[in-house]
Structures are given as structure tokens and as C-alpha cells.
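One structure is given below, encoded as C-alpha cells.
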Amino acid sequence: MPDLDTEFLFDLVVDLHPRLDIGDGPFGRRILFGASGGSFEGPELRGGLEAGGGDWALFRPDGAMALDVRLTLRTHDDALIHMTYGGRWVVPPALRADLAHPVKRHQVDPTRYYFRTTPLFETGAERYAWLNDIVCVGSGYVVEAGIAYKVWRVR
């Protein structure tokens, strides 16, 4: 069995609305980070994000965050792509206050926390149908507008 190999797919920036705190439930604290827009760019596709998606994040009692994200990408040539991903964001306790701070949060070095995702895609656009059959991995980090990711296709 060969080792897994990856190939860069795109950079993604998700602009966020103010968060909606749904509250503590049986599995942890649920917060909606709604997407207000954004952009993506890579060698094979580029475009913007439609508003209306978001991350229905679950903050677990141990402090880790489980992601549940749904986004709609609109390519530069007007194709729509449904993007979903789960993942984990694990932040050491010493960094949590800085990442919660509206100014300091995007200044924290992303190598100091674990923020990984597993994107999947769905589209009816023939020119992007290859996305329906790939698995990806992403690495997230905080930016001023919201959240950003580097996304790689697993070969």
C-alpha cells in the first residue's frame, strides 16, 4: 500500500457574521459561525463564497471544537459547488483567551494550535465534476475577516 500523497487545491477565506450562541446542550456548547462571503483560489478553480452557509460548531467540555461546516462556492465561471467538512480545532488552554480576543485572535501563530478539516464537494457542473470524487484535507487558521484554510486533494 503506497503512502498518501497530497496536491494543493486552493486557499479559502470565509468571512463571518457575528456568532450566534445556541447554548449548552447535551454534547457541549453549540455556536453558529455564519458565513457572510469570502473567496477561494487555486490552480484549477477560483471564485467566491455565497452567504448563508456556516459552521455549526460544537465546543466540547474538554475545550476542543468539533466543526460541522456547509458552504456554497461560486466559481469565476458561475458554477455552484456544495462544500462540506468536519474537523477539529484543538487550542491549548494558554492560547484560548488570545483566540477569543477580537484583535489578538488573528495574530496567534497557527502552528501553536491544531485546526484540521476534511472537505468534500458536490456539484452538477460538468467542468468541475471531478470534485465529486475526491477527498481533501485542510489546515485552518484565523484571519481578520474570519477563518482561512489551505486545502489539499488527497491523491
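Filtering the range 16-49 to residues that are on the phi > 0 side of the Ramachandran plot and either at pLDDT below 95 or surrounded by 13 or more Cβ atoms within 10 Å (Cβ to Cβ) (or both) leaves Gly28, Gly37, Gly38, Gly47. Is it the case, given these coordinates, that Ala148 is in contact (Cβ under 8 Å) with a residue 40 or more places away in the chain and out of contact with any Cys (no Cβ under 6 Å at 6 or more places or on another chain)? Against the criterion (in contact (Cβ under 8 Å) with a residue 40 or more places away in the chain and out of contact with any Cys (no Cβ under 6 Å at 6 or more places or on another chain)), Ala148 qualifies.
Per the conditions (1) within 17 Å of the chain's Cα centre (by Cα); (2) modelled with pLDDT of 95 or more; (3) part of a loop (DSSP other than H, G, I, E, B), the sole criterion not satisfied by Gly52 is (2).
The residues in the range 107-137 that are crowded, with 18+ Cβ neighbours inside 10 Å and either among the acidic types (Asp, Glu) or over 17 Å from Gly86 (Cβ atoms) (or both) can be counted, and the count is 3.
Does the range 1-19 include one or more residues that are in a strand (DSSP E or B), under 12 Å from the mean Cα position of the chain (by Cα) and β-branched (Val, Ile, Thr)? Yes, that holds for at least one residue.
Yes/no matrix, rows are residues, columns are (1) at pLDDT 95 or above; (2) of a type outside the set (Phe, Trp, Tyr); (3) surrounded by fewer than 17 Cβ atoms within 10 Å (Cβ to Cβ); (4) part of a loop (DSSP other than H, G, I, E, B):
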| residue | (1), (2), (3), (4) |
| --- | --- |
| Asp62 | no, yes, yes, yes |
| Leu67 | yes, yes, no, no |
| Asp78 | yes, yes, yes, yes |
| Ala97 | no, yes, yes, no |
| Ser139 | yes, yes, yes, no |
| Val142 | no, yes, no, no |
| Arg153 | yes, yes, no, no |
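The values are calculated or read from the model by the stated rules, or taken from the named source; none is laboratory data. All values derive from a computational prediction rather than experimental measurement. Neighbour counts are summed over all protein chains in view; Cβ atoms, including those assigned to glycine, are modelled from backbone coordinates with ideal geometry.
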